[in-house]
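Notes follow the structure.
The values are calculated or read from the model by the stated rules, or taken from the named source; none is laboratory data. Since this is a predicted model, take the numbers as computed values, not measurements. Because the Cβ atoms are built from the backbone with ideal geometry, glycine has one as well, and the counts that use them run over all protein chains shown. Surface accessibility is based on the protein's heavy atoms, side chains included, excluding ligands, DNA and RNA. Shrake-Rupley method; radii C 1.70, N 1.55, O 1.52, S 1.80 Å.
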Amino acid sequence: MTLSSSSAGTLPTQLEIWQKTLSWQPTEDQLAQFQRLYEHILEANQQLNLTRITEPLEFWEKHLWDSLAGIASMLRLEALAEETALQPMQGIDIGTGAGFPGVPVAIARPHWTVTLTDSTRKKITYLEKLTADLGLMNTRTVVGRAETLGQEKQHRDRYDLAMIRAVGPASVCAEYTLPLLRVGGLAVLYRGQWSEEDTKALEPAVETLGGEVASVESWATPLTGGVRNCLYLRKVGPTPREFPRLPGVPTQRPL
Ligand code: SAH
């Protein structure tokens, strides 16, 4: 027996929690894709050190639920729309690592396109295999640093939605995401603890980059009550040419 089949376990379905918290429920096919994603990560973890979160319930809450909580308002809006009225969205996940939040978002929103990016080639190689195995038709993968992609014609000003989780301080995340958005697009910064003072401190950087803080949403995770905050930054004007700055500069000299 391989280690993956002996140790992977089965993810909980949690249909009621999905419905109650996000007004959305996975289909049978989506549940199967979540399970496959989980097994894939556990198997690859032996070589790649992708995540420390490996227990089924913890994986469900900290990776699956957490990823989709960041797009909760969009899930709710789309739950009200007719199937035919669903708008395709161009999304990008910066520093996706093992695929979070981008892969669960791509599974949950098959009519969106999600570009999964990371600066580490071996993570992207893993994601290429994963997305092929899952039969995901709406993802693409790009190796690159956010500072470089944000200056490239094929990525700058292109996306409706830019997601970023656990990549760095908020002002660095703002500098990584806002240049990639079209004017009107939305950046989602996944955070743990967050305060009003943090928002105030972040605002000048966001404005410098052509954005504004549209909203801050706070919630507790549904199984363990962990604190989560998501910042939603709207791009309201063009990002000045000099941003993002050269690789490494946003972290060395945060705005
Ligand atoms: N978003 C995932 C992974 C977080 S770990 C999650 O929440 O689980 C941070 C990831 O960001 C790593 O995979 C790292 O390779 C990548 N990363 C760090 N700096 C980056 C940059 N400047 N551009 C692109 N990716 C970056």
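So here's what we get for this one:
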quantity: Crossing angle, helix 196-208 versus the chain [Cα axis fit, 0-90 degrees, rounded to tens]; calculated: 60 degrees
quantity: Segments 121-128, 80-87 sorted - mean Cβ within 10 Å per residue, highest first; calculated: 121-128, 80-87
quantity: Simple label model, 7 Å out from Cα along Cβ direction - residue 23 to residue 85, nm; calculated: 1.2 nm
quantity: 222 nm mean residue ellipticity, helices alone, for the chain (DSSP H n ≥ 4; -39,500 (n - 2.57); rounded to 500); calculated: -10500 deg cm²/dmol
quantity: Mean accessible surface per residue for region 1-109, computed with a 1.4 Å probe while every protein chain stays in place, in Å²; calculated: 48 Å²
quantity: Per residue accessible area of region 123-255, 1.4 Å probe, in Å²; calculated: 46 Å²
quantity: Tensor-based shape of region 1-134 (alpha-carbon gyration tensor, a/c under 1.5 rounded, otherwise prolate or oblate); calculated: oblate
quantity: With every protein chain in place, region 120-208: carbon and sulfur % of accessible area (1.4 Å); calculated: 50 percent
quantity: Extension reserve of the residue 77-residue 48 stretch, reckoned as 0.36 nm per residue once the Cα distance is removed; calculated: 6.7 nm
quantity: Mean Cβ neighbour count within 10 Å, used as a protection proxy, ranking 136-143, 193-200 highest first; calculated: 136-143, 193-200
